[in-house]
Amino acid sequence: MENTDKKEFEKKLSTMSPFEIKGTLIDMAEKDSRRSTNTFLNAGRGNPNWILTYPRRAFFLLGEFAMEEAERNPYDAQWGIVESPVQDGCADRFKAFLEKHKDEIGAKVLNHFYTYVTEELKANPDEFVFELVDGITGDHYPTPPRILKYTEIITHNYLRWAMGGGEDKTEYDLFATEGSTAGMCYMFDSLKANFLMEKGDKMALLTPCFTPYLEIPALDEFGYDIVYVSANKVDKNGYHDWQYPKEEIDKLRDPAVKAVCITNPSNPPSVALSKEVLDQLVDVVKNDNPDLMIITDDVYGTFIEGFRSLMYELPYNTICLYSYSKYFGATGWRVAAMALRPDNVFDHRLANLPEEKKALLRKRYESLTLDPDNLKFIDRLVADSRLVALNHTAGLSTPQQIQMALFSAFAYLHREDIQPRLIGMIHKRFNNLWNASGFTLLPDPNRAGYYSEIDMMVWAKKLYGDDFAEYLKKNYEPLDFVIRLAEETAIVLLNGDGFDGPKWSVRASLANLNDDDYIKIGKALNKILSDYHEEYIKSK
C-alpha cells in the first residue's frame, strides 16, 4: 500500500472504536505470526488470564447439595422430575453434607462461608441456606428483584472493604446487575426516563476513559452536552501522572454540569484519583455544585491496596458500579453490583422535579406502587431495566447472585492473602513491560497497573528530540504505530486516542498474557520507535 493510501486508510480506521479497530489489528498480527517466527500476542483485551478456583469449587459443590435437596421429594425419580427444594431443616442437612465432603476444598470454603454468615452476619441458618439452594437451583425469579436478601448483606460487607469504607457504617442499597456495563446502560436509561438528564444537559466525563462511556452519552437518544475533564497533560519534565489538573476539575463547579462519569482507577491509564483530586472534588460539591450526580465505575479499585472510592468520599452524591469481572477472572459470569445510599442526590432531584414531570412519572410507575412519588431511584433502575411492566421478572439470575455472594465472602475473608498476590502478579508484568521498553517508569502509589497507557510521543521527544517528534506528527497518522506493531511483530495493542487519551498513546493490558510476554512487548515498542527514527535519519 502506498504511503498516501495507507494514511487515508488509517484516518478512516481511526474514526472507529478501538475495540472495533482491534479486529483489524488481530487479522494483521495473525498474518504476521503465520509468515514469520513472531508469536501472536494480543494485549488489547482486558480479560484476565487467571481465575479464582476456590469460590467456584464452592459453587459447584453447593450445586450438588441443592440437587440432593431437590431429589428428596421426587415426582418422577426415573427422569429427575422433582419438587422444588424446601426450607425446613435445610441448614442441618447442609452441615451434614459438608461433613461428608470435609476433605474437599469446596466444602472447606462453604463451611467457612456458612460460619461467617450465620455467626458474624447473624443470618437465620435455614433461611440463609435456603437462599443458597433456591438461588443456585434457579427455579424462581429473583426475589426481591433488586438483589437477594443475604446476598446483599454479604456483598455490602465486601464492598465496604474493597471500596475503602473501613469502619464506615454507611448503609447502601445494592442492585445486582449483569456486569457494570449493564449497570451503566441502566443508569443512562433511568436518568433519561426520570428527567434527571435531558437532551442538551451537561454531562462531564473524566478522560481518558473506557470508550463506551465516551460514546453512549453522545448517542442521539441522549444527546448530552459533553464536558471533557482531561488528565492528558504532562508535567514540567514531560511525564504523565494521569491526574486531573485543578483547572480541569474546576469545570465541575458549574451547576449546569448535572452529572459526571468517572472510571476510578482510570482505563486505560489505570491510576486512581489522588487524595488532592478527591479533596478538590469534595470542595467542588460542598461549595459550588451540591447536586452533582456522580457515577463511578470502580472495577479496578481492588488492584490498589487502600483504595478509596468516591462512594465513601461523597456518599450522598455518588452511585458506584463494581464488577467482579477482573479481580476474580469472571468476565463470563457477568456479575456486578450498583451501590447507592438510601439518602442521595438522585432521589433529592426527583423530589424537586416540576409538577408536570412528576405527573408523567406517576403514570410511568403507577403499576408498581400506590405511592409512585416515593419510589426510590434505585428501584426505578430495577423497573426501568425491564421497561417497568416486567419489573416482577427483573433482577440478575439467582445462580449468578449466589456465585457473587461466594466471590464476595471468599475475597473478604481472605483479603490479606488474595489481594497482595493479585497485585503482585499485575505489577510484575507491568515492570517487565516498562523495563524492556527502555522507557523510564516513575513510582506512583496511585497506580493500579491493570493497564498501561504509554504516550509514544513523550518517548519520541525524550529519546530522539523534538525535531523527530515533529517529523512523526507530520508524516504519520497516530494509528500507524499500533498497525506497525501488528504487521511487523504480531503484537496487538489498542490506540490510546480511542479512549480520549493522547493521540500517540497506546494501551496495553497487563492482565491477559504471561509474564515473559510483556518483555517481548516492551522490546517491540522500543524497536518500532527506533525504526521510525531510522526513517527520520534517512529523510535527512
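In the chain, which whole DSSP H runs stretch at least 27 Å along their own axis (Cα) and average -1.0 or higher on the Kyte-Doolittle scale?
On the way: long enough: 415-437 (33 Å, -0.77); 515-539 (38 Å, -0.87).
Span-like helices in the chain: 415-437, 515-539.
Going through the stretch 145-177, which trypsin sites (Lys or Arg not before Pro) have at most 10 other Cβ atoms within 10 Å and a DSSP loop state?
Answer in residue order: LYS169.
In terms of modelled amide H atoms, which long-range or inter-chain residues lie less than 5 Å from the amide H of MET293?
The answer is ALA259, VAL260.
For LYS428, go through the aspartates and glutamates and keep the ones whose alpha-carbon is under 12 Å away, minus same-chain ones fewer than eight residues off.
List returned: ASP515, ASP516, ASP517.
Given the pairs LYS149/LYS258; LYS474/LYS540; LYS12/LYS473; LYS169/LYS363; LYS462/LYS520, which are separated by over 26 angstrom at their Cα positions?
LYS149/LYS258; LYS169/LYS363
Taking every alpha carbon pair in the stretch 237-291, what does the distance histogram look like in 10 angstrom bins from 0, in percent?
Over the stretch 237-291, the share of Cα pairs per 10 Å bin runs 22, 52, 24, 3 percent.
Taking 8 Å as the Cα distance limit and 6 or more residues as the minimum spacing, I'd like the relative contact order of the stretch 1-135 as a percentage.
Across the stretch 1-135, relative contact order equals 21 percent.
Defining a contact as two alpha carbons under 8 Å apart and six or more residues distant in sequence, what relative contact order in percent does the chain show?
Relative contact order, the chain: 23 percent.
Per residue of the stretch 495-506, what does 6.51 cos²θ - 1.76 cosθ + 1.60 with θ = phi - 60° give for ³J(HN,Hα)? Whole Hz please, x for Gly and Pro, Karplus curve as stated.
Residue by residue, the stretch 495-506 yields 6, x, 5, x, 9, 6, x, x, 3, 9, 8, 10 Hz.
What whole-number value in Å² describes the accessible area per residue of the stretch 159-219 for a 1.4 Å probe?
I get 31 Å² per residue for the stretch 159-219.
Rounded to the nearest 500 deg cm²/dmol, what is the calculated helix-only ellipticity per residue at 222 nm for the chain, with -39500 (n - 2.57) per DSSP H run of length n ≥ 4? Mind dumping the intermediate values first?
On the way: 21 runs with 256 residues, N = 540.
That calculation yields -15000 deg cm²/dmol at 222 nm.
5 Å is the cut-off here: which amide hydrogens, built 1.01 Å from N in the peptide plane, fall below it relative to ILE491, excluding neighbours closer than 5 in sequence?
LEU41, ALA486
Taking every DSSP beta bridge that has both residues in the stretch 271-416, what percent is antiparallel when rounded to the nearest 5?
That works out to approximately 55 percent antiparallel.
From the P(r) of the stretch 307-360, can you give the percent of Cα pairs sitting at distances over 12 Å?
71
Report, to the nearest whole %, how much of the accessible area of the stretch 1-145 belongs to carbon and sulfur atoms, 1.4 Å probe, protein only.
Values: 4050 of 8310 Å².
Its accessible area is 49 percent carbon and sulfur atoms.
How long are the semi-axes of the ellipsoid equivalent to the stretch 397-528, from square roots of 5 times the Cα gyration tensor eigenvalues, in whole Å, largest first?
Here the semi-axes work out to 35, 17, 14 Å.
Hand me the GluC sites (Glu not before Pro) from the stretch 1-103 located in a DSSP loop with no more than 14 other Cβ atoms within 10 Å, in residue order please.
Details: sites: GLU2, GLU8, GLU10, GLU20, GLU30, GLU64, GLU68, GLU69, GLU71, GLU83, GLU99; in loops: GLU2, GLU71, GLU83.
Passing sites in the stretch 1-103 are GLU2, GLU71, GLU83.
Just the number, please: carbon plus sulfur as a percent of the accessible area of the stretch 327-467, 1.4 Å probe, no ligands or DNA/RNA counted.
Numbers: 3100 of 5970 Å².
Carbon with sulfur: 52 percent of the solvent-accessible area.
At q = 0.17, 0.25, 0.32 Å⁻¹, what log₁₀ I(q)/I(0) does a Debye calculation on the Cα points of the stretch 480-532 give, no solvent, two decimals?
-0.51, -1.05, -1.33
For the stretch 65-120, build the convex hull from the C-alpha positions and give me its volume per residue in Å³.
Convex hull of Cα atoms, per residue: 87 Å³.
Taking the Cβ of GLY306 as the centre, find all other residues whose Cβ is under 15 Å away and add up their charges (Lys, Arg: +1; Asp, Glu: -1).
Its environment carries a net charge of -2.
Please compute the Cα-Cα pair-distance distribution of the stretch 34-151 with 10 Å bins starting at 0, giving whole percents from short to long.
Taking every Cα pair in the stretch 34-151, the percentages come to 12, 35, 28, 12, 8, 6, 1.
For the chain, what are Rg and Dmax over the alpha carbons, in angstrom?
Using the Cα atoms of the chain, the pair Rg, Dmax is 25.4, 86 Å.
Using amide H atoms built in the peptide plane, which far-off residues or other-chain residues are under 5 Å from PHE328 H to H?
Here the answer is none, since no amide H 5 or more places off falls under 5 Å of that of PHE328.
Write down the percent of antiparallel bridges among all DSSP beta bridges whose residues are both part of the chain, to the nearest 5.
Values: 21 of 42 bridges.
Antiparallel bridges: around 50 percent, rounded to the nearest 5.
The values are calculated or read from the model by the stated rules, or taken from the named source; none is laboratory data. Note that the coordinates shown come from a computational prediction; the quantities given were computed from them, not determined experimentally. With ideal geometry, Cβ positions are generated from the backbone for all residues, glycine too; neighbour counts draw on all protein chains shown. We work out accessible area using only protein heavy atoms, side chains counted, and drop any ligands, DNA or RNA first. Shrake-Rupley method; radii C 1.70, N 1.55, O 1.52, S 1.80 Å.
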